[in-house]
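Read through the structure below, which is laid out as structure tokens, and then see the notes.
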Amino acid sequence: MKDVKNRCYRFDNVEIDVQNLRVTVGSEIRSLEPKSFRLLLFLVENASRVLPKEEIMAAVWPDTSVSDNSLARAVTQVRKALDDDPKAPRYIETVPTVGYRFVGDCKAEQDPVVASDATDSGAAQVLAPVSAAARDRISPAKWVAIAGAAVVVIGLAAGGWSFYSRKAQALTDKDTVVLADFVNSTGDPVFDDTLRQGLAAQLGQSPFLNILPEQKVRSTLTEMTRSPDEALTPSVAQEACVRSGSKAYISGSIANLGGHYVIGLNVINCATGDALAREQIEAGDKQQVLTSLDKAAEKLRNKLGESLNSIQKFDVPLAQATTSSLEALKAYSLALSKYAKGDATGAIPLFQQAIDLDPKFAMAYANLGRAHQLLGQDKLMEEALRKAFALRERASELEKLDISAVYYQFVTHQTEETIQTCELWRQTYPRDFTPHRVLGYENAVLGNYQKSAEEFRIAKELDPGQALPYAGLMSADMALSRFSDARAVYEEAQTRQLDAGELVRIRYELAFLQDDKKTMEQTLESLRSRPGFERIALDEQFSTDAYFGRLRNARELSRRMRDLAARERDKDELAEIEARQAMLEVLFGNSTDARRHAAASLGFGEEQPAMALALLGDTLQARKLADKVANHAAPGGAINRVWLPELQAAIELKGGNPMRAVELLAPLKAYEGGWEDDYMSAYLRGESYLAAHRGPEAAVEFQKIIDHPALALSYPIGALARVGVARSYALEGDTTKSGAAYRDFLALWKDADPDIPIFVAAKSEYAKLE
């Protein structure tokens, strides 16, 4: 851009020579400090537009935090150089409480030879003259309304000034962009965070633009030794932009001028300070602000290089894709901020507030469901996700994919539909980490842990500031017996200061697998101290005590979980706790206690104790519950694929038809060891072969569980499988292998309660071998 350095500005007898950084008044060269010259040039470049103080300071002092006094001194110096009287300004007018405006009749010119070259090369056009007569045709209120435009940074580079050139500075689909906070000079807090969230939603529809994810922004701030919650002023956004390797940042502003709202958007090259694009638009009143922001963002997308075809295809209006309510969008923005930090408990009431303000806010329902899911509140999760799915047509294309994927994943458990949705998602939005995270989960559901690890790793690399891909990758590595790799992933998350409860929970499970009691206690204590994770901490401890046969401890922990759920009046949680206790008692041989807890679970109107009832031999009740579940189960979902066949097999097993049970379980080998099976089908198959007196086949099934401890984890079948192996070899008369298996079990249960029926039986069976 060698041509535009020679641009000059003239008004009255004043000439500004950009190339030589010189101001001439008449025949006299006037001296100006570099910052004062930069200020004058910025005012002239934005002639007739009211410039807020914050915008001027960000443009003139982009790398330095300065006070209003510094700006006032620079303005005074410029006025002195121009012989301008602040009481009767000809050039620089003070707009009280807002900033300054250049009101001179300015023309921008170039050397004729250079100008001709510039035209041939497609350089930016010079500013058109703004005459006094033209200004007079526009009302004063209209001129004042122009105050809302955002920052234009004009960088001093290579010994000269760089100016806006869309062709030279166009973004590519590889460039990332940082969203700065809006400069809100209206005094109305409803715009704080809200407009930035709205702009993120609008620009996020674009497959072309690559907005730096919020978590990455916050982790970058931490690397800058700043608070992750620090406001993204233009200067902070510029620094974060450079540090994160992004190309540009987008700064916005809003001003209230006589009841009208002016919104400005500017895209700044963070390395050079050049303005890549800018948009300014006016809203007639507060209710039109989101609509106006929508229009400005749409134009901005085109200026940044996105094709009109893409914009037309991926351009759902903000009021539809998010909400038409500023108050709802504000609550939603605050909720997302808490959720991103791992505070699902704090996010839930804010998501709910957004929904109360706008009951058709689809993405608020979707993220409310996610927050409930993270806290193990399955019923509430399901309710929220169903509502989001019903409203998905109101959302953008990106949000439709998001809502559909999470619905298929956690409500209908349709793995194939989830994978298809995410494949389309990642093809359309290749830089989005979320579809890879979901694909990581779904491949783990299918037991494809190598593929699961690959997808979680991609998700982590696309957005290193998100906690869940680390947790998923840890789980996949554990399933592959790569325990040291799993620990390294956790330590990497720690270096990024990702301290989400789910990561801590997975770290507890890794410590369990490595018999690291100290770390187990530390992570449990950490979980207990986190809002919303107290029950999860109790649940992990409950499973561990059950695994080692400490039944009295497990019962006490179950009681504490029930008390917690009762205080929260969560009957779904109460039903699940009672059903889990019933299952534990039946596996341990306590039929009376198992029936009592199953009845308590049924009292809450749920089907959860169906498996416990089936293993108790209550065939009639188990079949009734199975039919009830089947009536509302999604075709192809996990309930039909896994849960119902396992339940039907248990019914046949206890009904005296063990080989029929084996037949029913045969299709489940495709899902064996996956996250929805956890080798329960192998355990039932082993018990069925035992009942059919087929020891070798039974031993194979039980051994699968023992050989894959990271899949059964602390679920009791991981311990009880040793009894199954011992009994399988005893059937064949192999006392050596049977005795070794009994000894393994008895060593594992060395601190177990002595009166547990299966423990008593195992000791008796072992004694007979001796």
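The values are calculated or read from the model by the stated rules, or taken from the named source; none is laboratory data. It should be emphasised that the depicted structure is a prediction, and the values quoted were computed from it without experimental measurement. Here the Cβ positions follow ideal geometry from the backbone for every residue, glycine too, while neighbour counts run over all protein chains shown. Side chains are part of the model used for accessible areas, which takes the heavy atoms of the whole protein and leaves out ligands, DNA and RNA. Shrake-Rupley method; radii C 1.70, N 1.55, O 1.52, S 1.80 Å.
Some points to look at:
- Selection of the stretch 674-728 for residues being surrounded by fewer than 24 Cβ atoms within 10 Å (Cβ to Cβ) and aromatic (Phe, Trp, Tyr) yields 675, 715.
- Among the residues making up the stretch 613-633, a single one is assigned to a helix (DSSP H, G or I), of a type in the set (A, V, I, L, M) and either in contact (Cβ under 8 Å) with a residue 40 or more places away in the chain or over 15 Å from residue 648 (Cβ atoms) (or both): 614.
- Pair list, Cβ < 7 Å and 6+ apart or interchain, from the stretch 487-513 residues that are free of Cβ contacts under 8 Å to residues at least 12 places away in the same chain and more than 21 Å from residue 345 (Cα to Cα) to residues that are of a type in the set (Phe, Trp, Tyr) and buried (at least 22 other Cβ atoms within 10 Å of the Cβ): none
- Selected residue (only one of 423, 454, 383, 393 is within 26 Å of residue 490 (Cα to Cα) and without any contact (Cβ under 8 Å) to a residue 40 or more places away in the chain): 454
- Under the condition of being buried (at least 16 other Cβ atoms within 10 Å of the Cβ), over 15 Å from residue 62 (Cα atoms) and not hydroxyl-bearing (Ser, Thr, Tyr), the residues counted in the stretch 244-269 number 11.
- Qualifying residue in the stretch 226-235 (condition: of a type in the set (A, V, I, L, M, F, W, C) and either in a strand (DSSP E or B) or out of contact with any strand residue (DSSP E or B) (no Cβ under 6 Å at 6 or more places or on another chain) (or both)): no
- For residue 215, the conditions (1) open to solvent by less than 30 Å² (accessible area, probe 1.4 Å); (2) touching a Ser or Thr at 6+ places or on another chain (Cβ under 6 Å); (3) of a type outside the set (Gly, Ala, Ser) are fulfilled apart from (2).
- Scanning the stretch 302-327 for residues that are assigned to a loop (DSSP other than H, G, I, E, B) and open to solvent by less than 10 Å² (accessible area, probe 1.4 Å) yields a count of 4.
- Here is the figure for the stretch 1-41: residues that are surrounded by fewer than 18 Cβ atoms within 10 Å (Cβ to Cβ), modelled with pLDDT of 85 or more and either aliphatic (A, V, I, L, M) or under 23 Å from residue 62 (Cα atoms) (or both) total 1.
- Selected residue (only one of 341, 330, 299 is open to solvent by 20 Å² or more (accessible area, probe 1.4 Å), modelled with pLDDT of 85 or more, more than 24 Å from residue 208 (Cα to Cα) and basic (Lys, Arg)): 330
- Looking only at the stretch 377-397, and only at residues there that are at pLDDT below 90 and touching a helix residue (DSSP H, G or I) at 6+ places or on another chain (Cβ under 6 Å), the one that is farthest from residue 565 (Cα to Cα): 396
- In the stretch 187-198, the residues that are more than 17 Å from the chain's Cα centre (by Cα) and open to solvent by less than 30 Å² (accessible area, probe 1.4 Å): 190, 191, 194, 195
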